[in-house]
């Protein structure tokens, strides 16, 4: 297992052209566009960046408008996303929380989503999209810890919205999220969160 290291903008992180948030490709290689770090598994993670949607991304949002053609959904983007009515079999209401997948990205920046699932009553909070990989963890390890110790379900969107069910101990979960946000760049984060819950 390699050691974690900080990378700066312009530093090469891959010898192939890859699609990674916070990077750019040139001459068949991938470079960091933002300050970030390479984690223990060799994956680049930007420390701060705005979410840029990619096809197949899992996103969490809230319904903000209902029309005959479909639904507008707040995805924490400059423009609201859209759910075509023809693609879903459920009726959504204003204020409903949903989890979906990015299916289409228009040149205007408008995102169309599919595979929509309505989430039960709960709460949505914002989390830095650049740090979402740390919030989920390798093979969802961090997310499993949060779910097992908070008493309810947690759904994380690549766009930076985190949904938590009403069954969760929300104050406790919010404290855990704050620790992850502040220490996302540090090693041993899983152990830190595990010990946090053990003390409670």
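FYI, it's all coordinate maths here, none of it is from the lab. Just so it is clear, the model here is predicted, and its values are computed rather than measured.
Just a few scattered comments:
- Relative contact order of the chain, taken over Cα pairs closer than 8 Å and 6 or more residues apart, is 16 percent.
- Distance from the range 8-56 to the range 121-140 (C-alpha centre basis), Å: 19 Å
- From the largest down, the range 58-119 spans 28, 21, 19 angstrom on the principal axes of its Cα atoms.
- On the principal axes of its alpha-carbon atoms, the range 135-200 has extents of 31, 30, 20 Å, going from largest to smallest.
- Considering only alpha-carbon pairs that sit under 8 angstrom and 6 or more positions apart, the relative contact order computed for the range 5-46 is 42 percent.
- The chain - mean residue ellipticity at 222 nm from DSSP helices (-39,500 (n - 2.57) per run, n ≥ 4, rounded to 500): -6000 deg cm²/dmol
- Taking all pairs of distinct alpha-carbon atoms in the range 5-46, Kirkwood radius in angstrom: 9.8 Å
- Taking 0.36 nm per residue of separation and subtracting the current Cα-Cα distance, fully stretching the chain between residue 66 and residue 143 would add 24.5 nm.
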